[in-house]
Amino acid sequence: MADPAPRVRFAPTEEQELIRTTARQFLEDRVGLDRVRELMMSEDGFDPVLWKEMAELGWTGLTIGEEHGGAGLGPVEMGVLLEEMGRLVTPGPFFASAVLATTTISQLGSPEQQGRLLPALAGGETIGTLAVFEQPRQWSPPSPATTARRRDGGWVLEGTKRAVLAGGNADLILVTAATDDGVGVFCVDAGADGVVVEPEPVLDPTRRQATVSLQSVTVDEGARLGEGDATGGLGRVLARTVVALAAEQVGGAQRCMEMSVEYAKTRHQFGRPIGSYQAIKHRCANMLVKVEHARSVARYAVRVIDDEEESRVAAPLAAAVASDAYVWVAGENIQVHGGIGFTWEHDAHLYLKRAKASSLLFGTSRHHRELMGQAIGI
Amino acid sequence: MADPAPRVRFAPTEEQELIRTTARQFLEDRVGLDRVRELMMSEDGFDPVLWKEMAELGWTGLTIGEEHGGAGLGPVEMGVLLEEMGRLVTPGPFFASAVLATTTISQLGSPEQQGRLLPALAGGETIGTLAVFEQPRQWSPPSPATTARRRDGGWVLEGTKRAVLAGGNADLILVTAATDDGVGVFCVDAGADGVVVEPEPVLDPTRRQATVSLQSVTVDEGARLGEGDATGGLGRVLARTVVALAAEQVGGAQRCMEMSVEYAKTRHQFGRPIGSYQAIKHRCANMLVKVEHARSVARYAVRVIDDEEESRVAAPLAAAVASDAYVWVAGENIQVHGGIGFTWEHDAHLYLKRAKASSLLFGTSRHHRELMGQAIGI
Amino acid sequence: MTDPVNERLDDLVDALLADHPPAETPEQEFWGAQYDRGLAWAWHPVGFGGLGLQRRHQSRINDRLVAAGASIENRYRNLLGIAMGAGVLDAHATDEQKRRWLRPMFTTEELWCQLFSEPGAGSDVAGLATRAVEDGDEWVVNGQKVWTTMAHVAKWGMLVTRTDPEAPKHLGMTYFVVDMTSPGVDVRPLYQITGEAEFNEVFFNDVRIPDENRIDAVGAGWRVALTTLMNERVAIGGGSIPRESGYIGQAVQAWRDSGADDPVLRDRLLALWAEAEAARLTSIRADEMASAGIPGPEGSTGKLAWANLNKEITALTMEILGLDGTLYPEGYELKRPERFGPHEPQKAFLRTRANSIEGGTSEIMLNILGERVLGLPGEPRVDKDLPWIEVPRG
Amino acid sequence: MTDPVNERLDDLVDALLADHPPAETPEQEFWGAQYDRGLAWAWHPVGFGGLGLQRRHQSRINDRLVAAGASIENRYRNLLGIAMGAGVLDAHATDEQKRRWLRPMFTTEELWCQLFSEPGAGSDVAGLATRAVEDGDEWVVNGQKVWTTMAHVAKWGMLVTRTDPEAPKHLGMTYFVVDMTSPGVDVRPLYQITGEAEFNEVFFNDVRIPDENRIDAVGAGWRVALTTLMNERVAIGGGSIPRESGYIGQAVQAWRDSGADDPVLRDRLLALWAEAEAARLTSIRADEMASAGIPGPEGSTGKLAWANLNKEITALTMEILGLDGTLYPEGYELKRPERFGPHEPQKAFLRTRANSIEGGTSEIMLNILGERVLGLPGEPRVDKDLPWIEVPRG
């Protein structure tokens, strides 16, 4: 038998409840699905006004220490916020900047680097992202093909990164590269010479990504986060990332279930609400089971993420269960809606696309189970 | 794309239809589920009178050439008969003798050996079986741990075989063993010195099996079937076996579906037949899809089994699809019946046990898919 | 074994080919000649594109035409007309109506579409609300139809309307053939989640249809519509496709291209390969049994099975693609499609979500299998005998 | 933060332990003292085994008793009495009835069973047909019940009967406590597919029950039965089990023992491990929310989820076992079980098939989740207002 799992407290604090209600209110008022559609069809999927408002609400710096201008809150609070963002498939670079880049710098950066980089992220003046993937099915990259060679007291980066979230919006790109002493993570200015950012047409147009090529890009000595091989640190960053993503997935899945239930109550066929048919009713009930399971693992994972041993189990557990749940619920939501659910004008597809893309971006559930299996010794 | 698959004719011939109606009539009259239960709880699960009748009907020699006293029919006719036997979870050593042993001798035996061994199998005077498995999860054994060493112009066999079907009923046990020139298959008299047959308590008590230990068992030179390494021949034997089993599985699955449909039409809850509820109705409809798919692959496989290339695809295809279908349908049949389906007195469990045991005896569907993947180059 | 009917058919086909060599004859001219000689729908009466034979004789004709290099592309180009509309006309139309419509339908000079589904009447087609009101020798139609393919290019539409809202829902309907170029017909593209509009919404605003375009009696619309739906079922049936083609072929290709070697994904691919092959063999078996005159349950499972399979296969392909699955190479620029597939894998993933909805949802297919094939009892019906206006809707 | 109620409770428990040291006190004597001091069901009124507190206070008492080495085994040994019967008596019985039955129930001197299900009334418990006819101060009962655990050792049975067949089905029922040793009560083992009889069939043949054993009013039987069923739901709820215990622990053990290294089976094992852990965490979350007074939907999914999981996990274990899965080491000698698990894997595979049937089928659980938790509309009911004798049955 595995070691006894830690007990956590699931009930939200008052502060967490406040974050939830504030976030829901703000997102429904200021983002809403009409605005999501506008942004989704826009050139860069980015709304600078909205971004500024999120910064003013303290969201961009939610998990950044107060000493760096952030709110000093933790992964549980970020999970609450991301559940709400997931409910509305909120577009923009929030996940890339406030989760990916922020976590990378917090986990890997020296105190000096954190002091230098985090305040601008917290305030939203800088949009950051992480460029870590190169191959379509390597989510735990052994060593990047991208290289960083020392030159003139600095580094020269060479390589191509894929699926760089918000790559087209980012000011600061954190790039993983092989060095002569292991993997390094380098801060690259998106506008620097030799940085070519190519936004890609994506399945989920509410979350943009780009291919980023680095053609002899020069950065200075201090651009490398921390010291020595960052492989372990990157593992922690990715674990925190998929846990944050799981919260977002739970929010989306919950909303899909609600859409289905609402529709099943009002749509009539053969003189009865379709929700009175077991085919629909039982599907909605199975959605409930999947959503509740996903919620449990996601909320558990944010609560144990600082426990290094347990998070090796809890993070991939949350990622696998929440990914599969969201993809399933979002797909069945279309089925419950029938023809209308397959139209562009209905919102169901926004969730399916978000769900499917999210289930691939940081590893499939199969990949997460592999990591989980290593952690639990199976 | 794979090579174009051969076209076959699915429609039964008049002779095949006659076999089906005769078999159904006989089995319902002479076996029936009451008799199945008696045999299932009996010491050795064997009814010599019934066996004699099956021999007289020509079943034990169905696929044995007329020159050896058989009916000279083929795998398609055997498939028809086994579908009917599967419908009634017919107990006894039929599969072991008329499929396993008969196929092994037909595929591997020299003309002389066939002439010597097949008539008694055809006539039912000898009950045969094949002893090939040793490890719980090795269904394509690389090489047996059982050995055959030459001595005094004969062979000495040493080893233990598991899951020997009808081991407790058999007169003739065909044993695979490693020799100095590859795998050999040896005819062993069940009563010979050093042969220890231990009947095992089994999940499916309608199909018995035994562990067979060979403790310095001496056989003569002619006991080895054919010449040289039998690995390839055994592959063909097992392919034919799983195809025959698939036919039996289809018959059982079909009967389970019929039981569910009959019950769903007559059982009332909340004032309505339970078959009017979609939860039950849709489950029955999904049974139909699975049964029809299983029937298609099973009937296809018996028709192409002599095409060596195509049977490498068709045999594991049939085995995988029919195994999974039967296990699923037999399990859901219990669910459709509710509490009564979980009682010993109801027949549903006979099928579940047959289905589950059959899905393990000659390899899981996972194992069959592995073989299929090799054949289709995936 | 020679069959005198087949011999005569072969002679007729040979004569058609000799008089109108496919290589030198414009397609529409060839199809016109084919119609005039009764080789269009062999089971139609003489004079209406047929010879009074059986459906299976048409397969023989088509095989021989294709072998001789003639095009049977009209069957796809005007699918809704030739596969469904013709059956309705054959069964329910007057001779005059058939003479007016069948020949240009077969030559594709006049394309057809089908106007059944409505926003409020999907699975429950009989719940439709598009009204037709008699006005002298004409009918005035108001309402909205959805999910109509071809409506933007069609000349004629098969239209089911409600003419008596006081009657129970199945009784108060009437069937028309509507000229899609009439004033008041407004065809708009209906964009799907792929960003493409394969379908249309069609709005009817005081559209006038002459009574001579009515098919069968006033109030007989549901019976006529059922003929169409039954012909649709036949047309959608699997047919004979090669092993490992279509979506499973695409998945295998993606697997090989990816150089993937994960045994877990491979087993899932093999499981779907096996199920797809089982479904394919079931279609072949069904075709054989049906043409031998012994149709069985194996003929009714294809639509349901392929809907599930297509969805699962394309989802697995996305997983095989990994990060490539998050791309959408064509982008979502809203447009009418230039072709109907094959789709790139990401679009195929989205497109197949509708396979369990279009042409009868999987829930309806399961009801049909349960009730019509297995003989299970229906649901209690609350709407059957109520006047249509009193049936709850929404 | 000290809570005066908790402090008082702790004092009471300490006093009980001091006066009746568990190590030296016979179990039944200890439980009697526990009852007398109101520490049996803390939420019951004083004098009936309680102190008029909340359910959650009992958890505190139990935890402290266990920590001190006292046995709470009575809760399992007389599960149907202590977890369900007591709740019914608390809510519906007269004080005299409670005084008669509660104490020996808690001490396990008198075991209880539940007599609800009938061959013709499974999911639809309200369709039951066991008749009770008034005869002076007594009732005469005839009929058959099934799926009763403990009936062969029980002194008392909770029995729901039909007393007015002319009333609609939910109205004509009356609830009794029946002495299982009465003449005419025939308890027979009901063998399951495992070869064991955990359950019984109980036949009533002119069994006489004094009217003083009637619970609540004549005709109130369904309301009383609902109290029992609700208490059953609470009793079955997951509780806190360790990670990787139970069937998933058994599967992991089988995996390790087999030395298997097939990545495909491993991934399936991991998928079930993950789902089992998700279900376990959901139970914990539900318990926490419920005891914090904010119960949510997470509390209602466990029964359904575990039924599915147990079936899938034990099926996978069989696959891991391979040929070993075809054995049945104990054999099928029909008998009453000596213990209720843990089962060897093959028996576990068979036994868990009932998990989706017993205590509410998964279909009923899905209806409940859909209707009561999600608020979806019910099925049209054909039997609701009909006199029971006119409702179709079979």
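The values are calculated or read from the model by the stated rules, or taken from the named source; none is laboratory data. If you're wondering where the values come from, they're calculated on a predicted model, not measured in any experiment. With ideal geometry, Cβ positions are generated from the backbone for all residues, glycine too; neighbour counts draw on all protein chains shown.
Numbers below:
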item: Test: residue in segment D:112-132 that is over 23 Å from D:Trp388 (Cβ atoms), buried (at least 21 other Cβ atoms within 10 Å of the Cβ) and more than 14 Å from every other protein chain (Cβ to nearest Cβ); result: yes
item: Odd one out for D:Ala33, checked against (1) touching a Lys or Arg at 6+ places or on another chain (Cβ under 9 Å); (2) under 19 Å from D:Arg100 (Cα atoms); result: (1)
item: In segment A:360-370, the residues that are more than 10 Å from chain D (Cβ to nearest Cβ) and either touching a residue at least 40 places away in the same chain (Cβ under 8 Å) or aromatic (Phe, Trp, Tyr) (or both); result: A:Leu361, A:Phe362, A:Gly363, A:Thr364, A:His367
item: Odd one out for B:Gly153, checked against (1) in contact with a helix residue (DSSP H, G or I) (Cβ under 6 Å, 6 or more places away or on another chain); (2) buried (at least 21 other Cβ atoms within 10 Å of the Cβ); result: (2)
item: Segment B:258-298, residues that are in contact with a Cys (Cβ under 8 Å, 6 or more places away or on another chain) and closer than 30 Å to D:Glu390 by Cα; result: B:Ser260, B:Val261, B:Ala264, B:Gly275
item: C:Gly394, sole failed condition from (1) in a helix (DSSP H, G or I); (2) among the small types (Gly, Ala, Ser); (3) on the phi > 0 side of the Ramachandran plot; result: (1)
item: Residue, nearest to the other protein chains (Cβ to nearest Cβ), within segment B:246-278, restricted to residues that are within 25 Å of B:Met78 (Cβ to Cβ) and of a type in the set (Gly, Ala, Ser); result: B:Ala246
item: Of all residues making up segment C:3-28, the number that are assigned to a helix (DSSP H, G or I) and polar (S, T, N, Q); result: 2
item: Test: residue in segment A:89-108 that is more than 17 Å from the chain's Cα centre (by Cα), assigned to a loop (DSSP other than H, G, I, E, B) and over 28 Å from A:Met41 (Cβ atoms); result: no
item: Search result, residues across segment A:339-358 that are touching a residue at least 60 places away in the same chain (Cβ under 8 Å) and part of a helix (DSSP H, G or I); result: A:Ala348, A:Leu350, A:Tyr351, A:Lys353, A:Arg354, A:Ala355, A:Lys356, A:Ala357, A:Ser358
item: Any hit, segment D:9-30, residues being out of contact with any Leu (no Cβ under 7 Å at 6 or more places or on another chain), in contact (Cβ under 8 Å) with a residue 60 or more places away in the chain and among the aromatic types (Phe, Trp, Tyr); result: no
item: First in segment C:261-283 and among the hydroxyl-bearing types (Ser, Thr, Tyr), second anywhere and in a helix (DSSP H, G or I), Cβ under 6 Å, 6 or more apart; result: C:Thr282/B:Glu292; C:Thr282/B:His293; C:Thr282/B:Ser296; C:Thr282/C:Glu298; C:Ser283/C:Gly302
item: Number of the exception - A:Glu248 against (1) at pLDDT below 95; (2) over 30 Å from C:Gly127 (Cα atoms); result: (1)
item: Identity of the residue in segment B:334-363, among the polar types (S, T, N, Q) and either more than 14 Å from the chain's Cα centre (by Cα) or surrounded by fewer than 24 Cβ atoms within 10 Å (Cβ to Cβ) (or both), that ends up nearest to C:Trp255 (Cα to Cα); result: B:Gln335
item: Qualifying residue in segment A:312-321 (condition: more than 19 Å from D:Leu369 (Cβ to Cβ), modelled with pLDDT of 95 or more, within 14 Å of chain C (Cβ to nearest Cβ) and crowded, with 24+ Cβ neighbours inside 10 Å); result: yes
item: Search result, residues across segment C:73-125 that are under 18 Å from C:Val224 (Cα atoms), at pLDDT 95 or above, of a type outside the set (A, V, I, L, M) and out of contact with any Gly (no Cβ under 6 Å at 6 or more places or on another chain); result: C:His92, C:Thr94, C:Asp95, C:Glu96, C:Gln97, C:Lys98, C:Trp101
item: Set C:Leu80, C:Leu102, C:Leu89: member being touching a Cys at 6+ places or on another chain (Cβ under 9 Å), farther than 18 Å from C:Asp186 by Cβ, touching a residue at least 40 places away in the same chain (Cβ under 8 Å) and not aromatic (Phe, Trp, Tyr); result: C:Leu80
item: Hey, A:Val212 more than 21 Å from D:Ala286 (Cα to Cα), more than 13 Å from chain C (Cβ to nearest Cβ), at pLDDT 95 or above and buried (at least 21 other Cβ atoms within 10 Å of the Cβ) or not; result: yes
item: Selection count, segment D:311-341, where residues are facing chain B (nearest Cβ under 7 Å), crowded, with 18+ Cβ neighbours inside 10 Å and either farther than 15 Å from B:Leu203 by Cβ or among the small types (Gly, Ala, Ser) (or both); result: 2
item: Count - residues of segment D:349-389 that are part of a loop (DSSP other than H, G, I, E, B) and either under 21 Å from D:Ala126 (Cα atoms) or at the interface with chain B (Cβ under 8 Å from one of its Cβ atoms) (or both); result: 15
item: Qualifying position, being surrounded by fewer than 23 Cβ atoms within 10 Å (Cβ to Cβ), at pLDDT below 95 and at negative phi, among B:Glu221, B:Glu198; result: B:Glu221
item: Qualifying residue in segment A:325-336 (condition: more than 14 Å from chain C (Cβ to nearest Cβ) and out of contact with any strand residue (DSSP E or B) (no Cβ under 6 Å at 6 or more places or on another chain)); result: yes
item: Positions within segment A:1-58 being more than 14 Å from chain D (Cβ to nearest Cβ), assigned to a loop (DSSP other than H, G, I, E, B) and either aliphatic (A, V, I, L, M) or closer than 27 Å to D:Arg285 by Cα (or both), in sequence order; result: A:Leu57
item: Identity of the residue in segment B:114-143, of a type in the set (Gly, Ala, Ser) and surrounded by 17 or more Cβ atoms within 10 Å (Cβ to Cβ), that ends up nearest to the other protein chains (Cβ to nearest Cβ); result: B:Ala131
item: Residue within segment D:249-266 that is more than 7 Å from every other protein chain (Cβ to nearest Cβ), under 16 Å from A:Tyr300 (Cβ atoms) and either basic (Lys, Arg) or surrounded by 23 or more Cβ atoms within 10 Å (Cβ to Cβ) (or both) present; result: no
item: Output for segment D:284-299, where each listed residue is within 8 Å of chain A (Cβ to nearest Cβ) and either touching a residue at least 24 places away in the same chain (Cβ under 8 Å) or surrounded by fewer than 19 Cβ atoms within 10 Å (Cβ to Cβ) (or both); result: D:Ile284, D:Glu288, D:Met289, D:Ala292, D:Ile294, D:Pro297
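For (1) out of contact with any helix residue (DSSP H, G or I) (no Cβ under 6 Å at 6 or more places or on another chain); (2) at pLDDT below 95, each residue gets a yes or a no:
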{"residue": "C:Asp14", "(1), (2)": "yes, no"}
{"residue": "C:Asp19", "(1), (2)": "yes, no"}
{"residue": "C:Thr25", "(1), (2)": "yes, no"}
{"residue": "C:Gly32", "(1), (2)": "no, no"}
{"residue": "C:Trp43", "(1), (2)": "no, yes"}
